[in-house]
Amino acid sequence: MLKGTFPLEKLKALPTPFYYYNIELLKETLNIVKTEAGKYNYQVHYAVKANANPRILSVIAGSGLGADCVSGGEIEASLKAGFPADKIVFAGVGKADWEIETGLDNDISCFNVESAAELRIINEIAVAKGKVAPIALRINPEVDAHTHAKITTGMKENKFGINLGQLSQVLDILLQMSHVRLTGIHFHIGSQITDLSSFQALAIRSNEIQEELEARGIRVENLNFGGGLGIDYYHPNHLPVATFDNYFAVIHRLLKLREGQQVHFEPGRSIVAQCGSLLSKVLYVKEGETKQFVILDAGFTELIRPAMYDAYHRIENLSSDEAVEVYDVVGPICESSDVFGKEVELNRTRRGDLLALRSAGAYGEVMASQYNCRKLPASCFSDTI
Ligand SMILES: *Cc1c(COP(=O)(O)O)cnc(C)c1O
């Protein structure tokens, strides 16, 4: 069984469970993103919600990417990590007043606005501060992302964005406001999208929307296609970097840009997923009547994706090269959903073995909880361990 490369002896000495981040892989991924986006002069803002570990944020800030935030706390974390305010955009369907104030006080580059109701509050707060808020309207493009229902966002029934049928009305409202300025349009259709035809459909839909806007005499400065590019959870060792080349090329081929317009992207998962693994020790191997269970010291409190999204994570036993057997790999939490994988092939596993749950750098550590009074997981990094 081919396994990832880990500094095993050093990792074995650490208390489990914890997150291990391969910083070289993160940097290589960032280089590829910059090279591929650079071919078309596309601007990339990293979606902070995928992983807000301060060290990870500072490596990403250091690479020159911007930050896409979905809360006031993320704006604060991004500023602290070194992202310049003029490279921070702020999205989210429910921005609280203090979060809007945080954005305005720091002069962030854009508020991605999801409703007329929100627009009114941003304008009101901007009036009080004597500032003008730059606005991109998040439009629900009614494009199917062909991904898990819990991470689809671009359909009519989703809570996100302004529906196409209401766009004209929202523009009427916006254009009458004194302290907001329309700078762009924004889309985000979902996550873990591996079928690039969804992005083709999005580029075509955005061309149609641009025509509608131009018919009203509006030309925006920015077109933002959000995030969503998927990664290969099944082959983290063979395909550690997402298909950024095809992704940007698909948009470039179909998008009709007007002069001076800039294109923005907000990848989260595709930047950080593959560099992270959750490391956990085996507490017990429990022989059931029909199954063998590997019971780990990590549970959904450390990695909730399998319980929440039925997500697959490849699991490797770093301590064993013995013949492969089949196990259900579970955590210690008192919930039946605390299962990392059923019928998982692992090298013969014993108490004390160190297991790696791969591709866990995105929506892993950042979603950890203290349920069952557990401690939040620690993290360590390949270049400082
Ligand atoms: C979650 C999110 C992203 C990032 O999505 P990924 O699938 O992790 O790339 C980008 N933009 C917005 C508005 C989001 O909510």
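Every number in this text was worked out from the coordinates using simple rules, so none of it is lab data. Quick caveat, the model's predicted, so the values are computed rather than measured. As a convention, Cβ positions derive from the backbone with ideal geometry for all residues, glycine included, and neighbour counts pool all protein chains shown.
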Completion exercise
Per segment 199-317, sqrt(5λ) over the Cα gyration tensor eigenvalues, sorted largest first, in Å, gives 44, 14, 12
Practice task
Quickly rank 18-28, 265-275 as a protection proxy: mean count of other C-beta atoms within 10 Å, highest first.
Solution key: 265-275, 18-28
Practice task
Before anything else, pin down the relative contact order of segment 81-219: Cα pairs under 8 Å, at least 6 apart, normalised by residue count, whole percent.
Solution key: 23 percent
Handout entry: Alpha-carbon centroids, segment 127-168 and segment 260-314: separation in whole Å
Key = 28 Å
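Once you list every other residue whose beta carbon is under 13 Å from the beta carbon of Ala136, what net charge do they have if Lys and Arg are +1 and Asp and Glu are -1?
Working: positive: Arg138, Arg181; negative: Asp68, Glu114, Glu118, Glu221, Glu266.
Net charge around Ala136: -3.
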Handout entry: Candidate lysines for bridging to Lys256, where Cα separation is under 23 Å - those fewer than 8 sequence places away on the same chain excluded
Key = Lys34, Lys39
Problem - 27 Å Cα-Cα reach of Lys129 towards lysines, excluding residues that sit fewer than 8 places from it in its own chain - result: Lys80, Lys87, Lys95
Completion exercise
Applied in sequence order to segment 264-278, the curve 6.51 cos²θ - 1.76 cosθ + 1.60 (Karplus, θ = phi - 60°) yields integer Hz couplings, x standing for Gly and Pro, of 10, 10, 9, x, x, 3, 5, 8, 10, 4, 6, 7, x, 10, 8
Fill in the blank from the handout: So, relative contact order of segment 1-69 in percent, Cα under 8 Å, 6 or more apart, is 29 percent
Problem - Relative packing of 91-100, 7-16, 166-175, which averages over residues the other C-beta atoms within 10 Å, highest first - result: 91-100, 166-175, 7-16
Completion exercise
Expected sort for Ser320, Ser277 with the fewest Cβ neighbours (10 Å cutoff) up front is Ser320, Ser277
Handout entry: Value of D in µm² per second that Stokes-Einstein yields for the chain, Kirkwood Rh from Cα pairs, at 25 °C (0.890 mPa s)
Key = 112 µm²/s
Practice task
Quickly rank 353-366, 122-135 as a protection proxy: mean count of other C-beta atoms within 10 Å, highest first.
Solution key: 353-366, 122-135
Exercise for the section: Give me the angle, in degrees from 0 to 90, between the Cα long axis of helix 72-81 and the longest principal axis of the Cα atoms of the chain, rounded to the nearest 10. Expected result: 70 degrees
Fill in the blank from the handout: Once the in-chain neighbours fewer than 8 apart are removed, the lysines whose Cα is under 24 Å from Lys375 read Lys10, Lys12, Lys49, Lys281
Completion exercise
segment 23-273: relative contact order from alpha carbon pairs under 8 Å, six or more residues apart, as a whole percent, is 21 percent
